[in-house]
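The values are calculated or read from the model by the stated rules, or taken from the named source; none is laboratory data. Only a predicted model underlies this, so the values are computations on that prediction, with no experimental measurement involved. Methodologically, a virtual Cβ is constructed for each residue, glycine included, from the backbone with ideal geometry; neighbour enumeration extends over all protein chains shown. For the accessible areas, the whole protein counts, side chains as well, though only heavy atoms, and no ligand, DNA or RNA atoms are used. Shrake-Rupley method; radii C 1.70, N 1.55, O 1.52, S 1.80 Å.
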Amino acid sequence: MNRHPAPTLLVLLLACATEAGAGRPMLLEDADVDDAGSAQVEAWHAREAGGSRSWTVAPSFTPWRGVELGLARSRDTTDRTDTTELQAKFGLPGRRPDGACRHAVVIGASHTGGERGATYLVNGAASCDAGPGTLHLNLGASRGRSGPTLPGAGVAWEHALGATTAHAEWLVQRHAKPTANLGLRREIAEGLQIDGSVGRSGGTTLFSLGLAYGF
């Protein structure tokens with residue numbers, strides 16, 4: 001994940017996308033929270049904005065209904081730095097009718113080795129069933145120890161194609177180049193998912209390839 005201050009929100013969205021459903025390989029958050037007592041571990045390799053490459057391992061756990069906790073540990077193999085991200089996602093209560101939107105709030109923090117202080121994130125997510133697919137919307141902001149508050153937003157469309165689910169998304173943030181991303185995910189065994197994505201940001205081609213196991 002990009003370690004530069006400007007695209008911090010995009011970085012954290014990618015690092016913290018650790019839940020099932022519309023998780024990897026989407027950069028956006030969905031508004032769904034896994035069932036209480038469930039857990040998942042994801043691992044992926046990515047080429048990020050700026051051309052850096054990284055490996056990430058990201059477990060998540062839902063200890064209570066409507067509360068999902070996530071941890072991501074990334075190794076940037078280009079500049080040899082390690083980053084740790086923590087997040088909590090809170091699904092907003094209320095029983096929804098079919099087709100209605102779900103909503104969630106995510107808070108998170110990120111720290112890169114060798115740097116002072118942390119970067120903090122707050123993000124609102126909405127997921128709406130729309131015809132044959134699902135529309136995801138994000139609106140949030142991040143702030144580093146000494147930098148300005150950086151607002152950002154994103155939109156994604158997700159659609160099942162048989163056993164494979166595809167998505168397209170677009171993310172923007174102040175002082176960062178927009179990011180466009182396409183991805184596919186597929187369950188290849190019970191609880192085991194393979195996924196990948198390709199995108200563009202500021203003239204750089206992005207990609208990722210990963211696995212996820214839920215239990």
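Among the numbered conditions (1) surrounded by 15 or more Cβ atoms within 10 Å (Cβ to Cβ); (2) modelled with pLDDT of 95 or more, tell me where residue 189 comes up short.
(1)
Filter segment 30-65 down to the residues that are in contact with an Asp or Glu (Cβ under 8 Å, 6 or more places away or on another chain), surrounded by 19 or more Cβ atoms within 10 Å (Cβ to Cβ) and of a type in the set (D, E, K, R) and list them by number.
Matches in segment 30-65: 30, 32, 34.
For the structure I just gave you, tell me whether residue 146 is assigned to a loop (DSSP other than H, G, I, E, B) and polar (S, T, N, Q). Step through it out loud before you land on a result.
On the way: assigned to a loop (DSSP other than H, G, I, E, B): yes; polar (S, T, N, Q): yes.
The answer is yes for residue 146.
Quick check on segment 101-113. Is at least one of its residues open to solvent by 70 Å² or more (accessible area, probe 1.4 Å), assigned to a loop (DSSP other than H, G, I, E, B) and not basic (Lys, Arg)?
Applying the first criterion (open to solvent by 70 Å² or more (accessible area, probe 1.4 Å)) to segment 101-113 yields 103, 107, 111.
The next check asks that each one be assigned to a loop (DSSP other than H, G, I, E, B); those that pass are none.
No; the residues of segment 101-113 include none that is open to solvent by 70 Å² or more (accessible area, probe 1.4 Å), assigned to a loop (DSSP other than H, G, I, E, B) and not basic (Lys, Arg).
Of everything in segment 116-162, what is over 24 Å from residue 93 (Cα atoms), out of contact with any Lys or Arg (no Cβ under 6 Å at 6 or more places or on another chain) and open to solvent by less than 70 Å² (accessible area, probe 1.4 Å)? Give them in sequence order.
118, 119, 142, 144, 147, 152, 159, 160
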